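K.L.:
Attaching a single structure in structure tokens format; questions to follow.
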Amino acid sequence: MSGPAVVVEGLTKRFRVPRREAGLKAAFAALFRRDYTEVTAIRELSFAIEAGERVGFLGPNGAGKTTTLKILAGLLYPTAGTVRVSGYVPQTRHHGFLRSISLVMGQKRQLSWDLPAVDTFELNRVVFEIDTPTYKRRLGELVERLEIGEVMRQPVRTLSLGERMKCELAAALLHGPSILFLDEPTIGMDVAMQLSLREFIRTYNENHGATVILTSHYMEDVAALCPRIIVIDDGNLRFDGSIEALTRRIRPLRRVSVRAVDLPPSERLAQLGSVVDTGDGRLTLDVDPGRVPEVVSVLVQLPDCRDLEVSDAPLEEVMRELFSRSRADAGTASQPEGAA
Amino acid sequence: MKPRKWLAIFRLGLAEAIAYRTALFVWILASCFPLVALALWAGMAAKSPVGDYTQADFVGYFVTAFLVRQLTSSWVVWDLDRQIRTGELSTLMLRPVHPLVHHLVANIAALPVRLLLALPLGLAVLLFVGAGTLDTSLVTLTMIVPALVGGWLIVFISQVIIGCLAFWVTSATGIYDFWLGFFVVLSGYVVPISLMPEGVVAVVDLLPFHASFGFIVELATGKLATGEAWRGLGVQWVWVGLHALMARLCWRRGLRVYGAVGA
């Protein structure tokens with residue numbers, strides 16, 4: 001595939017949503033006259049994603065992440081703007097396009113509920129026209145990596161959430177998609193399962209050169225998997241670039257934390273940096289990057305100093321601050337930050 | 001679409017029909033209404049024929065009606081309504097097979113299981129009340145298969161059209177219940193239409209309800225002259241074409257407003 005895997009230009013999506021007041025009277029009135037309100041889910045979004053990239057879509061609930069993903073996968077029609085995925089217009093749902101992508105939704109299933117997952121795998125083998133040797137090889141790899149040898153033969157309804165999600169992922173990858181859309185793939189999973197799924201997605205991207213586009217409420221998923229993030233808020237592009245670039249822009253201070261028996265007085269701490277927390281024998285400071293060596297040298301002098309850490313502010317905090325700035329900017333035309 | 005794809009969806013549909021065999025059997029029992037109608041009409045015709053129907057004719061008509069209903073049934077309206085409302089349709093839209101083709105094949109796949117479960121019941125009734133008059137003339141044997149296919153297609157496609165309304169309304173199945181009311185009265189499901197007043201028969205005969213059901217039963221029970229049978233088949237397939245055009249329009253327009261709700 002030549003050129004970017006995904007090109008989005010001026011994408012806008014508006015929904016017409018019925019609305020009514022609460023109560024029986026309003027319910028009867030709605031039978032004869034329905035009121036509609038127009039909701040703009042995405043506003044003139046533009047970005048491009050190169051083949052093989054891992055990109056995370058971040059934003060609060062209702063920001064337009066999933067809507068964007070659904071348009072990219074050809075499920076929704078844009079109201080305005082153009083979209084190209086693998087060189088295709090997704091909404092034509094050309095078979096070549098459908099064979100080149102896969103969409104995994106953590107809260108949706110493609111597996112037949114009352115049949116074993118292996119029946120859906122077999123259906124996918126035929127409808128995606130996968131030749132038998134390739135199918136066997138891919139299924140073998142997926143079964144081994146996802147450890148689903150036993151569970152794929154049980155009716156899907158009897159599987160745990162994690163087992164079902166692994167089978168969903170196997171079904172989505174059997175045809176070897178070059179672009180993988182993942183919408184909240186780890187939702188509801190325990191930490192061990194999240195880690196294993198994350199690792200699997202990373203390996204799939206590295207081994208197959210597949211483009212991965214991910215949305216997740218778990219910032220750890222995005223931080224661990226995606227060198228690039230696209231932040232959407234209220235349908236607007238707020239940032240496009242690396243997590244480091246976002247952190248430098250929003251929270252340029254480095255976070256230094258240390259455990260010590262006897263912490264310096266607060267006046268002295270204030271000279272070192274901005275105090276975030278001093279509870280439970282642990283001191284956490286936000287420090288100007290240029291002063292980090294100086295502050296560290298002071299902290300290592302503290303009695304019984306241990307567990308010294310220098311890090312960026314957690315992504316959650318960076319995002320919270322970005323969104324609160326977006327809210328503050330609301331009403332004024334704001335340009336996306338970052339360097340896409 | 002390649003036959004292998006049809007076969008794969010057929011196998012999955014068959015596997016689901018087998019997995020839901022108890023529910024399917026209960027559904028078959030629930031569609032036994034023609035056998036109830038049989039008891040009523042056969043009782044009324046015990047002493048003298050009702051219109052052009054003798055008691056034996058009623059037995060033949062309603063047992064055939066029961067089996068034709070099994071062979072021309074579809075449930076795509078419920079599937080489409082749910083899939084559109086909940087966003088489950090997205091799964092089918094992501095496969096390189098048209099979602100309606102998927103439904104078509106999956107619905108056909110359940111027919112053998114339905115017939116397997118319904119045939120013993122039909123045969124038992126025939127044995128109990130005495131064999132009715134099933135027509136085995138060459139014309140009927142030639143036409144019965146295209147008539148059954150046409151009847152099934154009208155039922156299936158009309159359900160697709162109504163199911164597609166879920167793109168715009170909250171529940172399409174409520175509209176289908178309304179449609180079903182017309183079907184029950186005008187298709188020949190509870191009363192052979194030739195027993196209706198003459199003026200009504202002329203109109204009902206041209207409607208899709210009768211074309212999808214009563215026409216096939218009348219054909220199979222030898223109630224139609226050769227000319228009437230060909231005319232009936234013609235009317236039926238015109239309805240198939242009109243339904244297909246309407247379904248295409250509803251589907252294409254509907255996809256533009258599809259919300260793919262949920263996750």
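The values are calculated or read from the model by the stated rules, or taken from the named source; none is laboratory data. Just so you know, these numbers come straight off a predicted model, no measurement behind them. In this analysis, Cβ positions are derived from the backbone assuming ideal geometry, glycine residues included, and neighbour counts consider all displayed protein chains. Just the protein is used for accessible areas: all its heavy atoms, side chains included, with ligands, DNA and RNA removed. Shrake-Rupley method; radii C 1.70, N 1.55, O 1.52, S 1.80 Å.
K.L.:
Exactly one of these conditions fails for residue A:176: (1) within 30 Å of residue A:77 (Cβ to Cβ); (2) within 12 Å of another protein chain (Cβ to nearest Cβ). Give me its number.
P.N.:
(2)
K.L.:
Kindly provide the set of residues from the range A:100-111 that are surrounded by 20 or more Cβ atoms within 10 Å (Cβ to Cβ) and either facing another protein chain (nearest Cβ under 7 Å) or over 26 Å from the mean Cα position of the chain (by Cα) (or both), ordered by number.
P.N.:
Hits for the range A:100-111 are A:103, A:105, A:106, A:110.
K.L.:
Would you tally the residues in the range B:34-80 being open to solvent by less than 40 Å² (accessible area, probe 1.4 Å), farther than 26 Å from residue B:174 by Cβ and touching a Ser or Thr at 6+ places or on another chain (Cβ under 7 Å)?
P.N.:
Total meeting the criteria: 5.
K.L.:
What about residue B:257, is it open to solvent by 70 Å² or more (accessible area, probe 1.4 Å), within 14 Å of chain A (Cβ to nearest Cβ) and of a type in the set (A, V, I, L, M)?
P.N.:
Answer is yes for this residue.
K.L.:
With B:229, B:244 as the choices, which residue is more than 14 Å from chain A (Cβ to nearest Cβ), open to solvent by less than 40 Å² (accessible area, probe 1.4 Å), on the phi < 0 side of the Ramachandran plot and touching a residue at least 60 places away in the same chain (Cβ under 8 Å)?
P.N.:
B:229
K.L.:
Further question on the same structure: What number of residues in the range B:142-174 are of a type in the set (Val, Ile, Thr), open to solvent by less than 30 Å² (accessible area, probe 1.4 Å) and more than 23 Å from residue B:68 (Cα to Cα)?
P.N.:
Residues in the range B:142-174 being of a type in the set (Val, Ile, Thr), open to solvent by less than 30 Å² (accessible area, probe 1.4 Å) and more than 23 Å from residue B:68 (Cα to Cα): 0 in total.
K.L.:
What pairs come up if the first residue lies in the range A:267-282 and is under 18 Å from residue A:300 (Cβ atoms) and part of a helix (DSSP H, G or I), the second is open to solvent by 40 Å² or more (accessible area, probe 1.4 Å) and acidic (Asp, Glu), and their beta carbons are under 9 Å apart, counting only those six or more places apart or on different chains?
P.N.:
Listed by first residue and then by second, the contacts come to A:272/A:294.
K.L.:
Moving on to the next point. Counting only residues that are part of a helix (DSSP H, G or I) and away from every other protein chain (no Cβ under 14 Å), which one in the range B:10-33 is surrounded by the most Cβ atoms within 10 Å (Cβ to Cβ)?
P.N.:
B:28
K.L.:
Taking residue B:252, is it more than 30 Å from residue A:186 (Cα to Cα), open to solvent by 20 Å² or more (accessible area, probe 1.4 Å), within 14 Å of another protein chain (Cβ to nearest Cβ) and part of a helix (DSSP H, G or I)?
P.N.:
For residue B:252, the condition - more than 30 Å from residue A:186 (Cα to Cα), open to solvent by 20 Å² or more (accessible area, probe 1.4 Å), within 14 Å of another protein chain (Cβ to nearest Cβ) and part of a helix (DSSP H, G or I) - is met.
K.L.:
Here's a follow-up. Restricting the range A:197-219 to residues that are small (Gly, Ala, Ser) and crowded, with 17+ Cβ neighbours inside 10 Å, which is farthest from the other protein chains (Cβ to nearest Cβ)?
P.N.:
A:210
K.L.:
I need every pair where a residue in the range B:43-72 that is over 21 Å from residue B:212 (Cβ atoms) and part of a loop (DSSP other than H, G, I, E, B) has its Cβ under 7 Å from the Cβ of a residue that is of a type in the set (A, V, I, L, M, F, W, C) and open to solvent by less than 10 Å² (accessible area, probe 1.4 Å), sequence separation at least 6 or different chains.
P.N.:
Filtered contacts from the range B:43-72: B:45/B:58; B:54/B:45.
K.L.:
Identify, from the list A:75, A:45, the residue that is touching a Gly at 6+ places or on another chain (Cβ under 8 Å), on the phi < 0 side of the Ramachandran plot and open to solvent by less than 60 Å² (accessible area, probe 1.4 Å).
P.N.:
A:45
K.L.:
Which members of the range A:84-99 meet the condition of being more than 12 Å from every other protein chain (Cβ to nearest Cβ) and crowded, with 19+ Cβ neighbours inside 10 Å?
P.N.:
A:85, A:86
K.L.:
Continuing with this model, one more query. When you check residue A:238 against the structure, is it at pLDDT below 85, more than 22 Å from residue A:305 (Cα to Cα) and open to solvent by 10 Å² or more (accessible area, probe 1.4 Å), yes or no?
P.N.:
So residue A:238 fails the test.
K.L.:
Do any strands (runs of 3 or more DSSP E) entirely within the range A:1-79 hold 3 or more residues that are acidic (Asp, Glu) and more than 22 Å from residue A:326 (Cβ to Cβ), and if so, which?
P.N.:
none
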